[in-house]
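Comments concern the structure below.
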Amino acid sequence: MQFILILTGWVLLYTATSATKVATKVASKISSTILIQDSKSWDGSLFEYGKGKPEITVQKVSIKTNKEFSVAIHQHTMPLAGYIVKGSVRVVKESGESTLFEAGDAAIEITNQWHSGIFAEDTEIIMFYAGEKGTPLAVVKNETL
C-alpha cells in the first residue's frame, strides 16, 4: 500500500511539473496588452449597462473617402469601445468639444450624447458594443442607424 501511495505521489509530482513546463512554454509565446480599461468614456462621462438580456456586438466599420466626410449626428445608448485599425476619426460633440483618434488608439465612446464622426482619410475601426438584445447600436436624430 505504501508503495502505491509513493508511486502515486511521484506520478502527480511529475504531471504537475510537466504541466508547469508546458504552461511556461505556451505563455512565452503569448503577449497580451490591455488597450483601454475604464469606467467612463473619453470625455469623462460615466456609462451604464442595460437591464435587459445582454448582447455583445463586434462591428467592423470601414470608411472610404478621398475628401472630408462626416457621419450623421447620432448617439449610442449602450457602452461601446473602438479600436482604430487604420486612418483617423475626429469625434465632435454638439457642444463643439472634440477629440482625435488615430490608428492604434483605443477609445471608450460617449453614450447618450449627440455627436458626429469626421473622417479625412480611409479609416477602419473595430467597435465593441455591450448592449441589450434588440437595442439599436446607434440612433440618428429621429431614425435608427
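Derivation of every value follows stated rules applied to the coordinates shown; laboratory data play no part. Here the structure is a predicted model, which means the values were calculated and not measured. Reconstructed Cβ throughout: ideal geometry from the backbone, glycine too, with neighbour counts over all protein chains shown.
Here are the numbers:
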read-out	value
Hits in the range 112-145 (condition: in contact with a Lys or Arg (Cβ under 8 Å, 6 or more places away or on another chain), farther than 23 Å from Lys64 by Cα and not in a loop (DSSP other than H, G, I, E, B))	Glu132
Val91 being surrounded by 16 or more Cβ atoms within 10 Å (Cβ to Cβ) and in contact with a His (Cβ under 7 Å, 6 or more places away or on another chain)	yes
Test result for Ile84, touching a Gly at 6+ places or on another chain (Cβ under 7 Å) and of a type outside the set (Asp, Glu)	yes
Test result for Glu48, more than 16 Å from the chain's Cα centre (by Cα) and surrounded by fewer than 12 Cβ atoms within 10 Å (Cβ to Cβ)	no
Qualifying positions in the range 94-130 - touching a residue at least 60 places away in the same chain (Cβ under 8 Å), more than 15 Å from Ser41 (Cβ to Cβ) and buried (at least 19 other Cβ atoms within 10 Å of the Cβ)	Thr123, Ile125
